[in-house]
1. Tell me which residues, restricted to region 188-219, are within 17 Å of residue 294 (Cβ to Cβ) and out of contact with any Lys or Arg (no Cβ under 6 Å at 6 or more places or on another chain).
2. Determine whether region 143-153 contains at least one residue that is in contact with a Gly (Cβ under 7 Å, 6 or more places away or on another chain), part of a helix (DSSP H, G or I) and farther than 17 Å from residue 264 by Cα.
3. Within region 163-177, track down each residue that is free of Cβ contacts under 8 Å to residues at least 40 places away in the same chain and not polar (S, T, N, Q).
4. Just give me the residues in region 194-235 being surrounded by fewer than 18 Cβ atoms within 10 Å (Cβ to Cβ) and not in a helix (DSSP H, G or I), in sequence order.
5. Determine which member of the set 75, 112, 49, 101 is at pLDDT 85 or above, more than 19 Å from residue 298 (Cβ to Cβ) and of a type in the set (Asp, Glu).
6. Only one residue in 113, 141, 148, 125 is surrounded by fewer than 13 Cβ atoms within 10 Å (Cβ to Cβ) and among the small types (Gly, Ala, Ser). Which one?
7. Please state which of the following conditions residue 164 fails to meet, knowing it meets all the rest: (1) touching a helix residue (DSSP H, G or I) at 6+ places or on another chain (Cβ under 9 Å); (2) modelled with pLDDT under 90; (3) not small (Gly, Ala, Ser).
8. Scan region 191-211 and report the pairs whose first residue is assigned by TED's automatic domain parsing to the domain that holds residue 153 and whose second residue is of a type in the set (Gly, Ala, Ser) and surrounded by fewer than 20 Cβ atoms within 10 Å (Cβ to Cβ), with Cβ atoms within less than 7 Å and a gap of 6+ or a chain change.
Amino acid sequence: MQEKLPDSDRLQQELGGGVSRVSFDAAGVTSWDSGLMTFLLRCWDIAAEKQLDVDESGLPKGAGDLMKLATAVPEKKDTGRTERTRSLFYRLGSHSIALAEETWDIFTFLGEATIAFLRFFGGRARFRWRDLWVVVQQTGAEALPIVALISFLVGLILAYVGAVQLQKFGATIYVADLVGLAMVREMGAIMTAIVMCGRTGAAFAAQLGTMKVSEEIDALQTLGISPMEFLVLPRMLALCCMLPLLVLFSDFIGIIGGLVVSVTTLDITFQQFVGRTIAAIDLPNFFSGLIKSVFFGVIVAATGCLRGMQCGDSSAAVGVAATSAVVTGITCIIVADAIFAVIFNIIGI
């Protein structure tokens, strides 16, 4: 453009009193860009505000055509979003209603899952056994490497932390007791459950969420097949069976981690470590970790499947469901472990 376009204030003044018609002379315009369109839109707004006639015959042909497109449909005045500050009671009510709906969904899911389990034990559940074995492999053998790594490092850490305090009393031999009891009673079960929650629970939520987005779950319901039996039941069965086995593996690998530290840095022989570990681990402590692992398996599978079934209808909702499954699962695992700690303390285990 040869001349600079006037600003809005100057344009407002020049289109003041005494002007009834606006026209344009673009004879000297050799090139133009979006700035011209912005200027013209401003002219149209001011002309409409002051009720002036607009003659667009003097505009460049391309600019005139664009203005016709831009002004063909008038802007709706009620489409803008206005932020409203809600009162405290409104927000409390909204959160209470959301919490009640969430609680209802959880109990509904648990009830349907219980019915599916009862139908399974009665031999009437409808699902493919091949799907069950696939999930067993995914939640079992394929999870061994990450469980082994985490468990070995946890055993290593427990041995080093215990040695720091026990060396002050010349009782480093009790590192074996510390590592053995901590792994079989608490750390083996809870660390394996957390790892599986992040690995498998999120996968369950993403799988079922994707099925819901692609309307596969609706198709199953249309065919008269229960999604709870066909999709959720195999996953819950697989994880309930495999998590106790993974916990046993985790306990063993964690004790191996403590053994490595004890033999290499604490002057404890292999025979001493093994003897102290066998003496420290009794059956009640051993089975307490296994009992918890079964419930943790139910929690991981249930939270993953629940969030997957609650997934929205967009691809972004699948990510939200996976994240929610991990957060919900880990929270429930910690709460359940605390409840078990209180129960075991009461009954003297």
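The values are calculated or read from the model by the stated rules, or taken from the named source; none is laboratory data. None of these values were measured; they are calculated from a predicted model. Note that we place each Cβ from the backbone using ideal geometry, even for glycine, and neighbour counts take in every protein chain shown.
1. In the first step, residues of region 188-219 are kept if they are within 17 Å of residue 294 (Cβ to Cβ); the result is 188-197, 200-201.
Residues satisfying the conditions are 188, 190, 191, 192, 193, 194, 195, 196, 197, 200, 201.
2. yes
3. 164, 166, 168, 169, 170, 171, listed by residue number.
4. Once the filter is applied, which keeps residues that are surrounded by fewer than 18 Cβ atoms within 10 Å (Cβ to Cβ) and not in a helix (DSSP H, G or I), region 194-235 yields 214, 215, 223, 224, 225.
5. Details: 75 fails: at pLDDT 85 or above; 112 fails: more than 19 Å from residue 298 (Cβ to Cβ); 49 fails: at pLDDT 85 or above.
Result of the check over 75, 112, 49, 101: 101.
6. Details: 113 fails: surrounded by fewer than 13 Cβ atoms within 10 Å (Cβ to Cβ); 148 fails: surrounded by fewer than 13 Cβ atoms within 10 Å (Cβ to Cβ); 125 fails: surrounded by fewer than 13 Cβ atoms within 10 Å (Cβ to Cβ).
The conditions single out 141.
7. Here residue 164 clears every test but (1).
8. Sorted first by the residue in region 191-211, then by its partner, the pairs are 209/317.
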